[in-house]
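S.K.: Below is one structure. I have some questions about it.
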Amino acid sequence: MIIEALYRYYEILIKDPSVEIALPGYTAASINFALNLSQQGDLLDVFPFSTQVPQGKNIREIPSRAMVVPEQVKRTVGVAANFLWDNTAYVLGLSEKDLESPEYSSQRFEAFRKHNLALLANANCPAARAVEAFLQNYDPSTARTHPVLARHLDDLLKGGNLIFQVEGQYALDDPEIRRVWEEYQAGGQADVMQCLVSGLEEPIARLHPSIKGVRDAQATGASLVGFNERAYESYNRAKGQGLNSPVSQRVASGYGVALNYLLSPQNPNRKIYIGDATVVYWAESPDRRYGNVFAALLNPDYYEEQPDDSHAARREAEETLGQVAQKVQRGQALDVARLREGLDPNTRFYVLGLAPNAARLSVRFFLKDAFEAFVQRVLDHYEDLKIVKEHPNQPDHISIFKILNECVSPKITRREEEIKSTTSLMSGALMRSILTGAPYPESLYTTILTRIRIDGDDEDKHTRKINYVRAAVIKACLLRKYRRQSHNPFQEVLQMSLNDEFTHPAYVLGRLFAVLEKAQEEAIGKANASIKDRYFAAACTTPASVFPVLIRLSQYYVAKAEFGYSIDNRIQKLLNLLDVGPKAFPSRLSLDEQGIFILGYYHQRAAFYTKTDEESASASQSENN
């Protein structure tokens with residue numbers, strides 16, 4: 001259960017002294033200004049806040065400060081106020097929208113005044129009396145001409161959140177005011193029922209907390225859990241939206257704080273973007289290295305660049321992740337044993353993928369298992385993708401982002417947006433496949449085949465119709481598809497490199513097409529439209545319609561090529577592997593056979609380059625001797 005797992009993580013964070021996290025009933029919010037009041041409730045000054053954060057080699061100033069405040073009220077289209085903090089429209093009755101709608105700010109200020117006066121009446125302290133006096137005497141119609149507010153009017157009209165000080169001391173730091181708020185949160189008008197998570201009889205949360213930090217979701221936050229229509233309120237739970245699946249206010253607040261922490265820059269283990277999903281991950285342990293290792297293994301060469309804070313733990317985590325990422329990008333193998341050193345393999349680990357869906361969040365996937373199980377499945381994923389490289393500097397480990405990138409046309413300029421829209425559902429299915437060891441989604445395989453049929457080679461954009469990543473994906477998809485079946489007809493070619501002895505027609509024809517292409521290259525050099533550009537799509541789907549033509553053309557290329565005799569021998573050897581007769585070339589190939597055709601082509605092309613590299617190395621060695 002997602003909420004239960006998040007709440008357990010919240011209990012871990014609460015005990016961690018290195019983490020600044022809100023207690024139940026509170027939340028972290030960005031505060032832009034503090035209103036400093038006298039003991040009599042007069043507005044003495046407005047203090048703007050700003051925070052300096054490192055960004056690369058520079059320092060960036062953010063016009064706000066993260067502070068722990070009473071839990072934010074859930075707003076949809078109605079007017080609802082927070083306790084002792086809110087935006088300028090609620091606290092001061094001041095907004096740029098006043099010119100279009102004169103009642104906009106006044107309605108919100110009245111709601112704020114009424115809600116706060118009702119709570120502050122129960123607090124017996126000077127700070128409460130000062131804020132009460134301000135709210136009772138302040139007139140929002142004079143806000144623009146107020147001598148104190150006028151000095152900051154332009155900044156205040158831009159919006160932002162405000163908090164109260166009384167002669168330089170934060171009103172919310174007063175123990176009496178905090179007592180009033182916590183009693184209000186614990187009691188109030190909430191129904192008391194058995195919480196599904198804790199099993200205790202507690203006040204039930206009618207609305208669940210807003211979750212911020214999911215890419216493309218509402219900036220004000222979106223709901224992970226919510227019931228707002230009568231049709232969704234089963235068992236006649238008509239009195240309250242949250243009674244349909246009762247979760248206590250304490251647990252709802254806790255899981256919201258934990259998830260917002262995981263999605264925030266405060267979390268040293270950065271969230272990962274895969275398609276339209278924002279992925280967070282955590283272990284049931286205060287040790288951050290579990291998340292570090294997982295991120296480095298799963299997606300080492302693609303992670304979000306975003307503003308950072310000054311926590312030493314975060315810098316250390318980034319340094320570790322950056323070193324691993326650079327190592328993988330250089331094509332070096334991961335030192336998995338070193339990464340896992342000192343970590344308990346049986347620690348429970350969680351991976352959660354969230355995607356925006358209007359005012360709510362969609363759960364793309366939620367996976368839980370022992371940490372070691374996840375690590376091994378990621379390593380198995382890389383093992384299944386292993387295939388001979390086109391160039392030595394290509395990475396050993398192909399990230400998820402690189403795989404999804406190949407599902408989109410190289411002609412698209414706004415690749416990020418296109419990848420998100422094209423692979424929104426596929427990304428979740430692919431992640432589940434990797435982390436559970438299941439077969440890869442069929443949509444991934446068919447999309448790669450489609451891209452191969454449609455795309456062409458483009459030297460300017462450094463793109464190829466059939467490249468290292470696409471061939472690796474085809475091999476891995478077929479390997480996992482047949483792994484759990486009793487018979488695998490393609491086992492002998494679902495390997496890293498060329499198999500000269502395998503005689504399946506699809507594989508042999510793929511190799512033959514590569515040899516015919518090589519013959520054309522050696523005969524006439526670079527052509528405006530090669531046989532791959534003209535005939536590849538038809539050759540890998542309906543070979544009988546294309547190969548007789550290609551065989552006839554090859555005689556011209558063989559005659560013209562400098563080493564035509566050698567090429568002709570290769571063609572004849574491959575033709576001898578096919579059945580003799582009119583059905584030597586199949587009329588059509590299945591989807592699986594099309595993948596085998598492509599692998600045959602790729603293996604044969606890679607063998608050409610491998611032999612050339614070996615011959616060059618041998619010649620160089622002879623010269624040195």
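S.K.: Before we move on, is Ala476 of a type in the set (Gly, Ala, Ser) and within 30 Å of the chain's Cα centre (by Cα)?
M.R.: yes
S.K.: Scanning for something at pLDDT 85 or above and in contact with a His (Cβ under 6 Å, 6 or more places away or on another chain), does region 287-305 turn up at least one residue?
M.R.: no
S.K.: Ok, one more. Which number in (1) crowded, with 18+ Cβ neighbours inside 10 Å; (2) part of a helix (DSSP H, G or I) marks the one condition that Thr142 misses?
M.R.: Result: Thr142 fails condition (1) only.
S.K.: From the list Glu517, Glu521, exactly one residue is in the same structural domain as Leu575 (by TED's automatic domain parsing), acidic (Asp, Glu) and over 41 Å from the mean Cα position of the chain (by Cα). Which is it?
M.R.: Of the residues listed, the single one that is in the same structural domain as Leu575 (by TED's automatic domain parsing), acidic (Asp, Glu) and over 41 Å from the mean Cα position of the chain (by Cα) is Glu521.
S.K.: Are any residues in region 402-421 modelled with pLDDT of 85 or more, buried (at least 19 other Cβ atoms within 10 Å of the Cβ) and part of a helix (DSSP H, G or I), and if so, which ones?
M.R.: Of everything in region 402-421, those that are modelled with pLDDT of 85 or more, buried (at least 19 other Cβ atoms within 10 Å of the Cβ) and part of a helix (DSSP H, G or I) turn out to be Ile403, Leu404.
S.K.: Considering only residues that are within 39 Å of the chain's Cα centre (by Cα) and either polar (S, T, N, Q) or crowded, with 23+ Cβ neighbours inside 10 Å (or both), which ones fall in region 110-124?
M.R.: The one that is within 39 Å of the chain's Cα centre (by Cα) and either polar (S, T, N, Q) or crowded, with 23+ Cβ neighbours inside 10 Å (or both): Phe112.
S.K.: So which of Leu550, Leu498, Leu509, Leu516 ends up being touching a Pro at 6+ places or on another chain (Cβ under 7 Å) and modelled with pLDDT of 90 or more?
M.R.: Selected residue: Leu509, the only one of Leu550, Leu498, Leu509, Leu516 that is touching a Pro at 6+ places or on another chain (Cβ under 7 Å) and modelled with pLDDT of 90 or more.
S.K.: Scan Ala471, Ala523, Ala538, Ala544 and give me the residue that is part of a helix (DSSP H, G or I) and within 12 Å of Ile596 (Cα to Cα).
M.R.: Ala471
S.K.: Same structure again: Name the residue that is nearest to Lys411 (Cα to Cα), counting only residues in region 433-466 that are of a type in the set (S, T, N, Q) and surrounded by 18 or more Cβ atoms within 10 Å (Cβ to Cβ).
M.R.: Among those that are of a type in the set (S, T, N, Q) and surrounded by 18 or more Cβ atoms within 10 Å (Cβ to Cβ), it is Thr447.
S.K.: From the residues in region 87-102 that are touching a helix residue (DSSP H, G or I) at 6+ places or on another chain (Cβ under 7 Å) and not aliphatic (A, V, I, L, M), which one is surrounded by the fewest Cβ atoms within 10 Å (Cβ to Cβ)?
M.R.: Lys97
S.K.: In region 262-269, is there at least one residue being out of contact with any His (no Cβ under 7 Å at 6 or more places or on another chain), modelled with pLDDT of 90 or more and closer than 18 Å to Glu11 by Cα?
M.R.: Checked region 262-269: at least one residue is out of contact with any His (no Cβ under 7 Å at 6 or more places or on another chain), modelled with pLDDT of 90 or more and closer than 18 Å to Glu11 by Cα.
S.K.: Give me a count of the residues in region 96-123 that are outside any helix (DSSP H, G or I), farther than 16 Å from Gly41 by Cβ and at pLDDT 90 or above.
M.R.: First, pick out the residues of region 96-123 that are outside any helix (DSSP H, G or I): 100-102, 121-123.
Applying the additional criterion that residues be farther than 16 Å from Gly41 by Cβ yields 100-102, 122.
Next cut, at pLDDT 90 or above only: 122.
Qualifying residue count, region 96-123: 1.
S.K.: Out of Leu512, Leu498, Leu553, report the one residue that is touching a residue at least 24 places away in the same chain (Cβ under 8 Å) and part of a loop (DSSP other than H, G, I, E, B).
M.R.: Values: Leu512 fails: part of a loop (DSSP other than H, G, I, E, B); Leu553 fails: part of a loop (DSSP other than H, G, I, E, B).
The unique qualifying residue is Leu498.
The values are calculated or read from the model by the stated rules, or taken from the named source; none is laboratory data. Computed from a prediction, not measured in an experiment: that's the story for all the values here. In this analysis, Cβ positions are derived from the backbone assuming ideal geometry, glycine residues included, and neighbour counts consider all displayed protein chains.
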